[in-house]
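Data first, discussion second: the structure below is written as structure tokens.
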Amino acid sequence: MRAVALLVLITLSGCGLFGDRETRSVDVQAQQISDPAQTDLRAIIPVITSARLDSVRGGYVLHASGVAPTQGYFLVEFIPENFERPVNATLIYQLRALPPLTPAGTGPESARTVTAARKIGLDQLSGVSRILVRGTQNQIEVRPR
């Protein structure tokens with residue numbers, strides 16, 4: 001009988017039922033507080049040159065292009081502001097990318113242009129009348145139909 005009780009305690013302790021409940025609570029709270037737009041280490045692309053929405057099943061695909069300061073920017077992605085919740089019926093995304101690992105030349109605009117795409121579901125668009133794609137120097141607005 002003691003062996004069964006010991007086995008149950010060992011099994012349950014591995015599930016986290018004893019001891020570290022406070023630690024898990026703090027971790028969950030920290031994850032909920034971090035706004036991706038505030039914590040992402042990628043650079044915001046300065047100039048947004050185009051943005052469009054393409055209708056797809058279950059939502060839209062947001063496409064945008066921008067011009068980076070130099071050649072070689074990579075891992076381009078939309079980073080939502082305000083936890084991807086609408087503010088005044090507007091979803092806001094920053095176009096961000098990692099700078100090159102080694103210094104790169106400026107080059108022509110065509111060599112510095114970066115592009116990203118992201119699906120936005122119809123459930124995310126409830127109550128949204130426009131979407132903004134932001135750079136540091138400008139922003140472009142698109143509207144779902």
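Going residue by residue through segment 20-42, is there one that turns out to be modelled with pLDDT of 75 or more and in contact with a Ser or Thr (Cβ under 7 Å, 6 or more places away or on another chain)? No: zero hits.
Figure legend. Inter-residue proximity from segment 55-83: first residues over 15 Å from residue 104 (Cβ atoms), second residues aromatic (Phe, Trp, Tyr), beta-carbon distance below 9 Å, spacing 6+ or different chains. Indicated pairs: 62/78; 62/93; 64/78; 64/93; 78/93; 79/93; 80/93; 81/93.
The values are calculated or read from the model by the stated rules, or taken from the named source; none is laboratory data. This is a predicted model, so every value here is computed, not measured. Methodologically, a virtual Cβ is constructed for each residue, glycine included, from the backbone with ideal geometry; neighbour enumeration extends over all protein chains shown.
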